[in-house]
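Here the structure comes first, spelled out in structure tokens, and everything after it is commentary.
Please treat every number below as a calculation from the coordinates, not as lab data. Just so we're clear, the structure is a prediction, and the values are computed from it rather than from any experiment. When we count neighbours, we look across all protein chains shown, and the Cβ atoms used for this are built from the backbone with ideal geometry, even at glycine.
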Amino acid sequence: MVSDVKTATRAAPASGAGREGLKAALGRTPVTAALDLGASKVACFIMKPEGVRRADRTLTCAGVGYVQSRGVKGGAIINLDEASEAIALAVERAENVAGVHVQGVTVATAGGQLQSTRVAGKVSLGARPISDNDLVRAIQHALSQIKLPGRRAAHILPIAWSVDGQGGVRDPRAMFGRALGVELLVVSVSETVFQTLGACVERAHLQFDGVVAAPFVSALAALEEDEMDLGAVCIDMGGGSTSAAVFNGGSLVHVETIPVGGQHVTQDIARGLSTSVAGAERIKTLHGSAIASANEDREMIEAPPRGDDPGAGPVVAPRSLLKGIIAPRVEETLELLRDRLRASGAPVDPGAGIVITGGASQLSGVREVAVRVFDHPVRLGRPRRVPHLADAASGPAFCAAAGVLHRAAFGPREAVSAKALAAARLRREPLEPGANPVAKMAAWLRENL
């Protein structure tokens, strides 16, 4: 259980010191907190404002905390109390390292049945430079063509702008033309999953600042800019799911997810060797591989038996049997993802490279299997823009948390902020005539999505 001290620090100040507590809270230096809520682990990264170095586009992470995940299975929360306790503990550990107090977190997840939808819009222009209002009108026109019943938009990303039919425009503001066009990618999650995530975070006495797609932010952490321009697929192999973010022309163009991950490999080993889940995870980590190796028929491995019978001896099996369990599941997972990407019509460039991230990608032989399945060059991705992470937190499993910080610091520029999307259905106040374009966009979303 999370300690009472932790709960007390999250609670509102007492009435006697309420005003002073409010002043202290307002004067506190704002920090960015990323929470990677997965089926295997819960990780929190904290970044202070001075941790952003724009000269070389790198970050310094002030605090890292992670714990074994609880209450999450297959990318979905199955026990709200256990999940909120794991979140609070991970955040508390990161706070202790950073020496700061976190108010709110942005959650990265591959759950919620992630979907992506591409839409296009076009508006006429007057004889004046293109303004933010024109961009908002074009986005509104594109979004008016879709409805997302039972779903919540997590990202609204401009893929490309065009002025008078000329494409490839990165930022059309201040340009002149007669027509402005935009192509958008809307990434959405299940509304019920979104509400459950929010309730879970708030139960940990934290503010819910929004949700982001784990494959998208993992790509921001692991991909180089030329890879995004030339075309790349970032595959995030987590414990409960495997997801992919497709980039082309420097923009995210598709997101795909399947509910199969590293935990399914562990369960296959536990069934095949008649061992416990904990024993299967240990064997997978120490001896597991998705490709054949020399002398594996002669090499024997030991696994603890199921149950608590003190007289039962360990399960002994050749290492070839372990490989025969792991390899088909890994290959099947990657083939299923490949087939989903092909069926979606996602514009995957023929020369696109494959980058694999996530905890399950660290299993020996996964990269070689991915090369065979996708017939493309494959490399293992790590958080590339956070150079000072400790070794324990610098591997592929921490790309999603690092990517949330990268997104907060460097973009890409989204049509609507994560906070506006998070609150889209919670408020319906009348919009002031002089409201800024982002407020107008948020108001439109509240009424239409």
Roughly how many whole Å is it from the C-alpha centroid of the stretch 285-347 to that of the stretch 230-281? 14
Positive-pole candidate from Ala370, Leu37, Ala160, dipole of the chain, charges at beta carbon: Ala160
Helix-only [θ]222 nm of the chain, DSSP H runs n ≥ 4, -39500 (n - 2.57) each, per residue, nearest 500: -11000 deg cm²/dmol
Amide H contacts under 5 Å for Gly365, restricted to residues at least 5 apart in sequence or on another chain and with H modeled in the peptide plane, are Ala290
Please find, in a Gaussian network model of the chain (springs between Cα atoms separated by less than 10 Å), the residue of Gly313, Gly411, Gly99 whose mean-square fluctuation is greatest. Gly313
Could you put Asp375, Asp209 in order, starting from the residue whose Cβ has the fewest other Cβ atoms within 10 Å? Asp375, Asp209
How charged is the neighbourhood of Val330? Take every other residue with its Cβ under 12 Å from the Cβ of Val330, and add Lys/Arg as +1 and Asp/Glu as -1. 0
Going through Lys122/Lys147; Lys48/Lys73; Lys73/Lys147 one by one, the pairs whose alpha carbons sit over 23 Å apart turn out to be Lys48/Lys73; Lys73/Lys147
Out of Val201, Ala214, His287 - ranked by how far each Cα lies towards the positive end of the dipole of the chain, with unit charges on the beta-carbon of charged residues - the top one is Val201
Pull out a ≥ b ≥ c, the square roots of the eigenvalues of the alpha-carbon gyration tensor of the stretch 322-399, then state rounded if a/c is under 1.5, prolate if not and a/b is larger than b/c, and oblate in the remaining case. oblate
Taking the Cα centre of the chain as origin, work out the dipole magnitude from +1 charges on Lys and Arg Cβ and -1 charges on Asp and Glu Cβ, in debye rounded to 20. 1080
Along Cα→Cβ, 7 Å out, is where each label goes; now give me the distance between the ones at Arg271 and Ser124 in nm to one decimal. 6.2
Reduced to Cα centres, the span from the stretch 93-110 to the stretch 392-422 in Å works out to 13
Assign one of three labels to the chain, namely rounded, prolate or oblate, based on the Cα gyration tensor with a ≥ b ≥ c the square roots of its eigenvalues; rounded applies when a/c is under 1.5, prolate when it is not and a/b is larger than b/c, and oblate otherwise. oblate
Under the rule a/c < 1.5 gives rounded, and otherwise a/b versus b/c splits prolate from oblate, where does the stretch 34-101 land using the Cα gyration tensor? prolate
Need one number: % antiparallel among DSSP beta bridges in the stretch 225-383, to the nearest 5. 70
The extension gain from Lys419 to Ser144, computed as 0.36 nm times the residue separation minus the Cα-Cα distance, is 96.9 nm
Projecting each Cα onto the charge dipole of the chain (Lys/Arg +1, Asp/Glu -1 at the beta carbon, about the Cα centre), which of Ala83, His101, Ala422 comes out farthest on the positive side? Ala422
Residues Met228, Met300, Met237, Met47 in order from fewest to most other beta-carbon atoms within 10 Å are Met300, Met228, Met47, Met237
Once R0 is set to 51 Å, what does the formula 1/(1 + (r/R0)^6) return for the Cβ-Cβ distance between Ser293 and Thr60, expressed as a FRET efficiency to the nearest 0.05? 0.80
Comparing Gly177, Gly381, Gly74, which has the greatest mean-square fluctuation in the GNM of the chain with Cα pairs linked when under 10 Å apart? Gly177
